[in-house]
Amino acid sequence: MIVVQTTMIWLALFRCVGAFITAANNPVHASILFHCRGSSFLHPSRNHHASRPSSSSLFATVTTTRGGGGEDNNASAETSNNQKLESLVDKAQHHLREKDADQAFATLAQAYGIDPTSTTIAALFESCLGLKVELAEESFYKWKNTAGNAALSEAELTNLFQDRIGLSSLFIDKEEYDEAGIQLRKAIEEASHWLSYSLQLSDNTSSTSSSTTTTTPAQLDLTNTQFAHWQPSIDRAQYLLYRTNAACCQWDTYFQDGHQLSQSLSHNLSPSGHVQRILHPFDALKFPCISLELASKIAQSYAARAMESHGLVDVEAAKNEQYQRRPTVTVNRKELPKQEQKIRIGYISPDFTSRHPLAFLMQHVFRYHDKSQFSVHIYSLSSKVDDGPEVQAIQESCDQFTYLSPSAMSPMELYQRMVQDELDIIVDLCGYAGTSIMAEIMASRCLLQQSMKDNNSSAGDNEADGSTRRLPIHVSYMGFPGSVGSSRIWDYSIFDQIVIPPNNDEYGIREHYNEALVYMPHCYFVNSHKTVLGREGDGIILANEEERIQLRSKYGIHPTAFVYCCHSRPDKIDPSTFRTWIRALSTARSEYFAKHSDEQDMDSSGSGAPILWLLRSGKEMEQNLRQLVRKEFGERMEDALLFADVSERNEHLRRLGCADVFLDTPAYNAHTLGCDALYLGLPMISLLRDDSGDSSTNASDNQANSVCDDQSTIATDKLASRVGASLLRAAEVDDLVYPNMSDYEDAMVKCAINTKWFESIRKRLRLSVPVSPLFDTERWVRNLEASFVQMKSMNCDQTNAFPDIIVTDP
């Protein structure tokens, strides 16, 4: 009865909040919804989305709020909701005092439906889950301590396991990673213990011995047993533990856990077994333990799920879609024919919000479209108003800006709404970077195509020729830096020849992308930095050395210290790379101390020596890194670490000017942050292996990693690990791209001690910024338009594959 009641509450909660997109608006509550019941299509580190209702006639709410008396009605409704919410919160608190966790949970579910942004409700959910775990623990340990004589049903274990996962997710959202790790480890250990005991019982093994035996997940084989359905849940908990440890740089078993995670995923994705989606496609790109092949298969499994959402019958074909070598066509932006009719382009994303990097990067992109040749339609997949300057700039630069509310319309209805605008091309700027609804919207075309095909078949060939209307071409861009895994849902992805070498590449990278590709001539990653940030004296870029010294003082940086900087998310850092950084930093500091040893006025603490400046993510992250440095490099090196808090965008940009060189993270490169650094004149050191980035051991990296236990190298064959090289090439400083970590380390040292060489690099970068292709947004748009003209001119379908398009820019 308990498990049924709890599950029904979760299902009711899931439905009452508008499913995926509402969850995406709140990471805390997304964790409550998705992590606890293992369905999370949501990217766990997703930024908040700002959204608003559509202004079209499809949404009566807009007319109501803007028409006569609308504001009074809204005020009355808000008062009523506030009163109801206050009453529900009081009831939930009463149930918690009475230790009635189930009733408290059900009440909070209703409250969440009224206000999913409430921090009070989030705190009460944490208390509620804590109480549920506390009560369930009593039953578990009573069973365990009595050698199995006390009853513990599978349903009770399921509740305890799921509530621990939910509680851990709330701790993760608060950056309390140690507490999250405790809950996850207990969930895994308890489930493994009970399952091992139950399996031994079924084999007529003594219960007394089994109840005291510790079984690890790696030792537990549930294949072809009555408990095989538990394997995906345990695998998912292990993945969450790996992700939690990565977020706080807890690396004690980093490579071992990564190997086990990779093995679990490979098993679940085997052709003979059912695909279990325990890892989000975005994390598959980020974590170095996941190979390019496996990451692409994970994307394929999520594409298959989008197809399943429409009831399409050939799901197995979608899951096992194979790469096919495509012909290539070359187009030149300077030789485009004039179009008789405008090409109608639709851009759709849930991230047209001032708080998301996408809007910041693309806010001035759409203004450069040739309006005599293209009609630009923007579709914001949102439910609330965002009046930020980025969104306003986008609205002013397009022909039509439409808000589509996913809580008011189904994916098919949302897609049909766009089709009504007679679009030629739809550009999906999200992909798997957010909730499942984007993939489901784009997959709607497959169902429409099937319906049109069936209608034409029943009408006969004569009528079919005149009744078939071509649906828009689908393009994936910007949001998801990897293969979308389906050429049925998306026809094209837009990249460049650095991040994905073309068909004849010797490394076999292209074959992991099923869709056709557009190869941009310089860098595929667009930005609006030149028009948004301006130049020196505009308030963001530091005007002179005096201003830089003053700002350094604010952050505790010595005026003359050489600053290595990485303000990327800490979960992008891996232990091998961090050790490389510290070794190079140690060498540079030794050179500094040797050079200044005779100076009487040198600060005894060495505050003028080189430092490493990192972005803080919870107190555990800083503690873990300091502990590693003390243990492996000595206490004196701990003084070389400095940590910065997460800040608003303008402060982040200004303080980057305090650094001297930016360190790219090899597993998942800096994208937006890479553009930020380079535009501010901050040289960036990046890795792109000359052996295809294969994860096999590299001799030079082995030597570099001799201090630590692992001998693992980080591959650079995934697209996200190749973006830094693409940015540096387009910024015309690609000599800062290195083929192995040994050279990367040497370059770090050279930057700090070879002043003449480093100043020449910095000067060349600053001179290239105003003229380089990387920051020439108008030129980038013209090249994109060349690919759109080529797409529009082709008559391709699933039987006549789209070719790869190579855009040239002589």
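The values are calculated or read from the model by the stated rules, or taken from the named source; none is laboratory data. For clarity, every value in this text was computed on a predicted model and none was experimentally measured. Cβ: placed from backbone, ideal geometry, glycine included. Neighbour counts: every protein chain shown. Note: accessible area is taken over every heavy atom of the protein model, side chains too, but ligands, DNA and RNA are not part of it. Shrake-Rupley method; radii C 1.70, N 1.55, O 1.52, S 1.80 Å.
Relative to the current alpha-carbon distance between Ser407 and Glu137, full extension at 0.36 nm per residue lengthens the span by 93.4 nm. Taking other residues whose beta carbon is less than 11 angstrom from the beta carbon of Ile557, and scoring Lys, Arg as +1 and Asp, Glu as -1, yields +3. Local charge for Glu179 was computed over the other residues whose Cβ lies under 12 Å away, with Lys and Arg +1 and Asp and Glu -1, and equals -1. Backbone amide hydrogens, once placed in the peptide plane, bring Gly479 within less than 5 Å of Cys430, excluding anything fewer than 5 places away on its chain. Modelled label positions at Gln450 and His229, each set 7 Å beyond Cα in the direction of Cβ, lie 2.6 nm from each other.
Between the amide H of Val331 and those of Ile806, Val807, Thr808, distances stay under 5 Å, these residues lying 5 or more places away or on another chain, with hydrogens modeled in the peptide plane. Modelled spin-label separation between Asp178 and Val771, with each label point placed 7 Å from Cα along the Cα-to-Cβ direction: 5.5 nm.
When Glu622, Glu189 are compared by accessible area at a 1.4 angstrom probe, the order from most to least is Glu189, Glu622.
The label point for Ala151 and the one for Thr808, both projected 7 Å from the Cα toward the Cβ, are 7.8 nm apart. The residues packed around Asp283, meaning those with a beta-carbon under 11 Å from its beta-carbon, carry a net charge of +1 if Lys and Arg are +1 and Asp and Glu are -1. Here's how it looks for Tyr403: its modeled amide H is under 5 Å from those of Ser55, Ser56, Ser380, which are all 5 or more places away or on a different chain. Taking R0 as 25 Å, what's the FRET efficiency between Asn82 and Ser647 from their Cβ-Cβ distance, rounded to 0.05? So, using R0 = 25 Å, E works out to roughly 0.15. Sequence-ordered 3J(HN,Hα) estimates for region 637-654 from the Karplus curve with 6.51, -1.76 and 1.60 and θ = phi - 60° stand at 5, 4, 5, 7, 9, 10, 10, 10, 7, 4, 9, 6, 4, 5, 5, 4, 5, 5 Hz, glycine and proline given as x. Using a probe radius of 1.4 angstrom, the carbon and sulfur fraction of the accessible surface of region 710-805 is 46%. Could you state the number of Å between the C-alpha centres of region 725-776 and region 357-420? Each part reduced to its Cα centre gives a spacing of 36 Å. For the set Leu195, Leu767, solvent exposure ranked by accessible area (probe 1.4 Å, protein chains only) runs largest to smallest as Leu767, Leu195. On full extension, the segment bounded by Asp370 and Arg764 gains 138.6 nm, given 0.36 nm per residue less the C-alpha separation.
Taking θ as phi - 60°, what are the ³J(HN,Hα) couplings along region 717-733 by the Karplus curve (6.51, -1.76, 1.60), each to the nearest whole Hz, with x for Gly and Pro? Per residue, the Karplus-derived 3J(HN,Hα) values read 9, 6, 4, 5, 8, 10, 5, x, 5, 5, 4, 5, 5, 5, 8, 6, 9 Hz.
Gain on full extension, evaluated as 0.36 nm per residue between Ala801 and Asp90 minus their Cα-Cα distance, stands at 249.9 nm. Which entries of Lys91/Lys186; Lys631/Lys750; Lys342/Lys792; Lys297/Lys572; Lys572/Lys619 show an alpha-carbon separation above 19 angstrom in the structure shown? From the list (Lys91/Lys186; Lys631/Lys750; Lys342/Lys792; Lys297/Lys572; Lys572/Lys619), the Cα-Cα distance tops 19 Å for Lys91/Lys186; Lys631/Lys750; Lys297/Lys572. A Förster distance of 30 Å, applied to the separation of the beta-carbon atoms of Val329 and Thr531, puts the FRET efficiency at 0.40. Across region 116-128, computed HN-Hα scalar couplings (Karplus, 6.51 cos²θ - 1.76 cosθ + 1.60, θ = phi - 60°) run x, 9, 5, 6, 5, 5, 4, 5, 5, 4, 4, 4, 5 Hz from first to last residue, x flagging Gly and Pro.
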